[in-house]
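Notes to accompany the following structure.
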Amino acid sequence: MAPSVLVVEDNPTNMRLFADLLRAVGYDVHQASDAEGALKTLATHIPKAILMDIQLPGISGMECTRQIKSDPRLKDVPIIAVTAFAMAGDETRFRAAGCDDYLSKPITVAAFLEKVAYHVGQAPDAES
Ligand code: MN
């Protein structure tokens, strides 16, 4: 079974890019455009990793991450923060909120896929 990745991203262009890249290498992609949608998906499905846009409308990606990491069912799911911020010190804030890793936009395809693969811990085409 293909490992699943939840992508939380409100920008449709970024969402399409991330979903296309992940599907192209064999992941099962779930999508949410805001924190509420992410939490709704996570109520019934536990992915292998979550890509979390930090700048979301309404509840921020930081707050969504805190909520996920405070849930015993979900706390071990790796969360990769995705953000346009390029300011020094941000990574510390993301990690304090519970993010396991960090990617800045614009992403590079190789780094993006490497990070996801590392946190999923399973090749997308692996037999299981
Ligand atoms: Mn955004």
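We did not get these values from a lab; they are worked out from the coordinates using the rules stated. Note that the structure is a prediction, hence the values are computed from the model and not measured. Methodologically, a virtual Cβ is constructed for each residue, glycine included, from the backbone with ideal geometry; neighbour enumeration extends over all protein chains shown.
Provide a single number: the residues in segment 22-44 that are farther than 21 Å from residue 109 by Cβ and touching a Ser or Thr at 6+ places or on another chain (Cβ under 7 Å). Qualifying residue count, segment 22-44: 1. Scanning segment 100-115 for residues that are assigned to a helix (DSSP H, G or I), in contact (Cβ under 8 Å) with a residue 60 or more places away in the chain and not aliphatic (A, V, I, L, M) yields a single hit, 112.
Residues checked against (1) within 14 Å of the chain's Cα centre (by Cα); (2) in contact (Cβ under 8 Å) with a residue 60 or more places away in the chain; (3) surrounded by 15 or more Cβ atoms within 10 Å (Cβ to Cβ):
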site	(1), (2), (3)
37	yes, no, yes
47	yes, no, yes
50	yes, no, yes
53	yes, no, yes
60	yes, no, yes
69	yes, no, yes
73	no, no, no
79	yes, no, yes
82	yes, yes, yes
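May I ask you to verify whether residue 59 is of a type in the set (Val, Ile, Thr), assigned to a loop (DSSP other than H, G, I, E, B) and within 16 Å of the ligand (Cβ to nearest atom)? The answer is yes for residue 59.
Answer yes or no as to whether residue 26 is touching a helix residue (DSSP H, G or I) at 6+ places or on another chain (Cβ under 9 Å) and farther than 20 Å from residue 96 by Cβ. When the stated conditions are applied, residue 26 does not pass them. Restricting attention to segment 33-56, the residues being within 12 Å of the ligand (Cβ to nearest atom) and aliphatic (A, V, I, L, M) number 5.
Looking only at residues that are within 14 Å of the ligand (Cβ to nearest atom) and surrounded by 14 or more Cβ atoms within 10 Å (Cβ to Cβ) in segment 8-29, which one is farthest from residue 65 (Cα to Cα)?
So in segment 8-29, the residues within 14 Å of the ligand (Cβ to nearest atom) come out as 8-18.
Those still in the list that are surrounded by 14 or more Cβ atoms within 10 Å (Cβ to Cβ) too: 8-11, 14-15, 17-18.
On the way: 8: 11, 9: 13, 10: 15, 11: 18, 14: 19, 15: 18, 17: 22, 18: 19 Å.
In this case the residue turns out to be 17.
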